[in-house]
Amino acid sequence: MSINPEQLRYSKEHEWVSAPADGVATVGITSHAADALGDVVFVQLPEVGATVTAGETCGELESTKSVSDLYSPVSGEVTETNQDVVDDPSLVNSAPFEGGWLFRVRVTDEAADLLSAAEYDVFIEG
Amino acid sequence: MSEPRRTALDALHRALGATMTDFAGWDMPLRYASEREEHQAVRTRAGLFDLSHMGEITVTGPQAGAALDHALVGHLSALAVGRARYTMICAPDGGILDDLIVYRLAEQEYLVVANASNAQTVLDALALRAAGFDAKVRDDREAYALLAVQGPQAPGILASLTDADLDGLKYYAGLPGTVAGVPALIARTGYTGEDGFELFVAPADAEPLWRAITEAGRPAGLVPCGLSCRDTLRLEAGMPLYGHELTAAVTPFDAGLGRVVKFDKPGDFVGREALTAAAARAEQTPPRTLVGLVAEGRRVPRAGYQVTDAAGAVIGEVTSGAPSPTLGVPIAMAYVDAAHAEPGTPGVAVDIRGSREPHRVVALPFYRRER
């Protein structure tokens, strides 16, 4: 059974993006990515008002072992960042699909190769 | 790539849900759950490690001590039976081939423990260097599994499983005994900055011993621990890691560990001439110095990142870095030019992917346990 929520879509860089509500989508990283990183200790998120581009880096995640770039799965203007996760980065590990969300974007475009939950399951199996 | 080697505890690690990682050709547990919680468990309670990837080499014979005096930089023939010593094996040019712990098990028997990544190099060098002595060098890598119990609760946990005199067992000492019915070399050594023990046992005994320690340690809060927390524990304790602080390109004097080189021991030893020169050089013109760095910000200095002065000139390089679970901030060890090595030197920064992040120079270690 998949642990990746059905209603989300996924990038090959292991971000998830929600279906836009009033044009605004929420972005986070998957539990698969969080598990691979180990304990996340610092997240650097894009600024509110900044423009992010699908497939390009927009921040970084520091874990015990390594630092990883954060890629945006969609293009648009950042409307909100998750201050809770900035204050307590362990939310990325404990609740990657919920309280550990990272930022919200007013979507103008999205990556062409976003995956469904089922497709992402296959992608991470491989 | 050849198949990774697996320890006697491999199936158990997988059953525990460990995230495994390749380490020097071995498939080893990186962490079981949260590496930061594993780290804190060792600092405040106890942790259990599988370190069976370490390379054991036995040296025996009437001249075993003399052979090691010649092969290594330490004075091992002077080591008392039952005691252990931290030492190094150097190339003829003085470069460090590996750092080692040597246990004297008997008058004519020593156990040399090498890093997994260097075990073959050490074995080959020892065999070559012992050739002129009445001593035998034996590859015992397959003969031992190695478990470590580390943390303030380790003595109590182990005491419940053995009749051995643990109170009489000093730091850097080892004695043969029985733990949970299993014959073991019980050593009071570790790589975490905490009190604790390393248990060398037959591979077939590793799993029952692991289970017995897990059971005995449960009330004290012992948890299984992977290599990820071992790395942050040793970093906080300011302990060097081969391949990071120690390499064939540096001598023990360059690493600030010149004290391990014993020039006054009998006979010649490999590297003596080069190390004599290295000692004099270090005395006259101090080389880069191994220091601690504490980040002012939250981005983490990693191995290989450059250290800069206030003007942006490169003054050194980070050798190990991680977010410190105990201090709550990123820390690193780095080699920096002697002029910038004093604790509190102003203007020191680490180039973290293109941006200069301020760091404080501090004396090592970052963490010292209360005794």
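The values are calculated or read from the model by the stated rules, or taken from the named source; none is laboratory data. Only a predicted model underlies this, so the values are computations on that prediction, with no experimental measurement involved. Glycine gets a Cβ as well: all are built from the backbone with ideal geometry, and neighbour counts include every protein chain shown. The protein model used for the area step is the full one, side chains on, heavy atoms only, and it has no ligands, DNA or RNA in it. Shrake-Rupley method; radii C 1.70, N 1.55, O 1.52, S 1.80 Å.
Observations
- Reducing the stretch B:174-205 and the stretch B:215-252 to their Cα centroids gives an inter-centroid distance of 17 Å.
- Per residue, the stretch A:9-125 exposes 43 Å² of accessible surface when a 1.4 Å probe is rolled over the protein heavy atoms with every protein chain present.
- Loop-resident sites, the stretch B:128-196, for chymotrypsin sites (Phe, Trp or Tyr not before Pro), counting at most 13 other Cβ within 10 Å (DSSP): B:Tyr171
- DSSP-defined antiparallel bridges as percent of all bridges, the protein assembly as shown, nearest 5: 95
- Helix-derived mean residue ellipticity, 222 nm - over the protein assembly as shown, DSSP H n ≥ 4, -39500 (n - 2.57), to 500: -6000 deg cm²/dmol
- Accessible-area value, B:Ser77, 1.4 Å probe, nucleic acids and ligands omitted, Å²: 50
- Surface/4 estimate of mean projected area, convex hull on alpha-carbon atoms of the stretch B:288-362, nm²: 4.1
- In this Cβ point-charge picture (+1 for Lys and Arg, -1 for Asp and Glu), chain B has a dipole of about 660 debye about its Cα centre.
- Computing FRET efficiency as 1/(1 + (r/R0)^6) for A:Gln7 and B:Arg353, where r is the C-beta to C-beta distance and R0 is 25 Å, gives about 0.10.
- Cα centroid of the stretch A:39-59 to Cα centroid of the stretch A:76-103, whole Å: 11
- Taking the stretch B:46-138 and dividing mean pair separation by its residue count, relative contact order in percent (alpha carbons under 8 Å, at least six apart): 37
- Residue-averaged beta-carbon neighbours from other chains (10 angstrom radius) around B:30-40: 3
- For the stretch B:74-178, GluC sites (Glu not before Pro) are listed when DSSP marks them as loop and at most 12 other Cβ atoms sit within 10 Å of their Cβ; the list is B:Glu107, B:Glu142.
- Nearest-10 value in Å² for the accessible area of B:Asp22, using the 1.4 Å probe: 90
- On the basis of the beta-carbon distance and an R0 of 30 Å, B:Glu109 and B:Arg281 show a calculated FRET efficiency of 0.20.
- Whether the stretch A:9-125 is rounded, prolate or oblate, judged on the alpha carbon gyration tensor where a/c under 1.5 counts as rounded: oblate
- Accessible area of the stretch A:9-125 belonging to carbon and sulfur atoms, whole % at 1.4 Å probe: 45
- Gap separating the Cα centres of the stretch A:112-126 and the stretch B:91-159, nearest whole Å: 47
- 5 angstrom amide H check on A:Glu110, placed H, neighbours 5+ away: A:Ser75
- Length released on extending from B:Glu142 to B:Ala338, taking residue separation times 0.36 nm less the Cα-Cα span: 66.2 nm
- Heavy-atom accessible surface of B:Thr7, to the nearest 10 Å², is about 10 Å², with a 1.4 Å probe and all protein chains retained.
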